Ligand code: GDP
């Protein structure tokens, strides 16, 4: 199978950043995602009712948009990375203003650094009387994070997931970071995509939330997803609307896989069902071999 791996020679277009929220337990990752989700396109279009998709898109007044992965935490990030999925462009590091830098804050910093993903800091719970955002900044600085106000390039925004103050500033900071990164993707041609989440629906079978990294994914195409395969029967967007195709950074749900893939699995388009079956069975054999080898060791 010939795959277009690089962007060489193809026309590139700007694409929205894909953002993951990380930080210490109870510092407000889930609350912050909930608050951001309420500003999302889906929340606006569907009157607050959103599909559970594992990702959502926020559109800014300027027309620019941001894709947020809806699974907070380090396990998801590591699992994706372990499978080679470089799906996240930016990490939002959530630090509670009253609690400061904690072990998982440092762990998140290490993960982002190892993955070479830039951080934007969200100092959360700034509504609390005990909030000390300045103290948090000093802590982060002394942990080696080069904050902008100390002459570095890491932006810091003070927010509250409860009062929703600062969310617009956070979104702007993310867009600015994205602009600096000049995120671009090839839009034409065969899609390269990643699974963000997968679940089994009783009526519809395996459903995978995916994000296209490059190219265009088209309904009806044969795909290999990790070690699974299938033919895309439907592509749905965040509000459950069926679409013919999906472009880079857009979170979608795909239906039509024969088995349940895993977060971080890659999605590649192949020309026929036969190719899909062959590739899938090859990958299944390989993962079985890897598993046995691990047991041996
Ligand atoms: P997670 O473990 O990082 O996902 O944290 P959660 O989102 O579950 O939040 C932990 C606790 O902090 C919950 O009781 C939230 O209501 C509370 N919390 C989260 N964000 C804020 C905030 O901005 N202000 C205040 N006062 N409480 C918050």
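Each reported figure results from applying straightforward, stated rules to the coordinates on display, with no laboratory input. Because the structure is predicted, anything quoted here is derived from the model rather than measured. Neighbour counts are summed over all protein chains in view; Cβ atoms, including those assigned to glycine, are modelled from backbone coordinates with ideal geometry.
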### Query
Considering only DSSP beta bridges with both partners in the chain, what is the antiparallel share in %, to the nearest 5?
70 percent
### Query
How far apart, in nm, are the 7 Å Cα→Cβ label points at residue 34 and residue 12?
4.0 nm
### Message
Given an 8 Å cut-off on Cα distances and at least 6 residues of separation, report the relative contact order of the chain as a percent.
### Response
19 percent
### At R0 = 30 Å, FRET efficiency that the Cβ-Cβ distance of residue 135 and residue 75 yields, to 0.05
0.55
#### Entry: Diffusion coefficient, µm² s⁻¹, Stokes-Einstein with Kirkwood Rh over alpha-carbon pairs of region 144-183 at 25 °C and 0.890 mPa s
222 µm²/s
### Percentage, to the nearest whole number, of Cα pairs in region 234-280 over 13 Å apart
67 percent
#### Entry: With Cα atoms, 0 to 90° folded angle of helix 273-296 axis to the chain main axis
60 degrees
### Message
Ignoring solvent entirely, what values of log10 I(q)/I(0) come out of the Debye formula for the chain at 0.08, 0.13 Å⁻¹ when each Cα is a single scatterer?
### Response
-0.36, -0.92
### Projected label distance in nm at residue 60 and residue 242, using a 7 Å step from Cα toward the beta-carbon
3.5 nm
### Task
Take the Cα gyration tensor of region 211-297, multiply each eigenvalue by 5, square-root it, and list the three semi-axes largest first, rounded to whole angstrom.
27, 14, 10
### 222 nm mean residue ellipticity, helices alone, for the chain (DSSP H n ≥ 4; -39,500 (n - 2.57); rounded to 500)
-9000 deg cm²/dmol
## Note on the structure
Here P(r) for region 196-247, Cα-Cα distances in 10 Å bins, as whole percents, is 21, 64, 15, 0
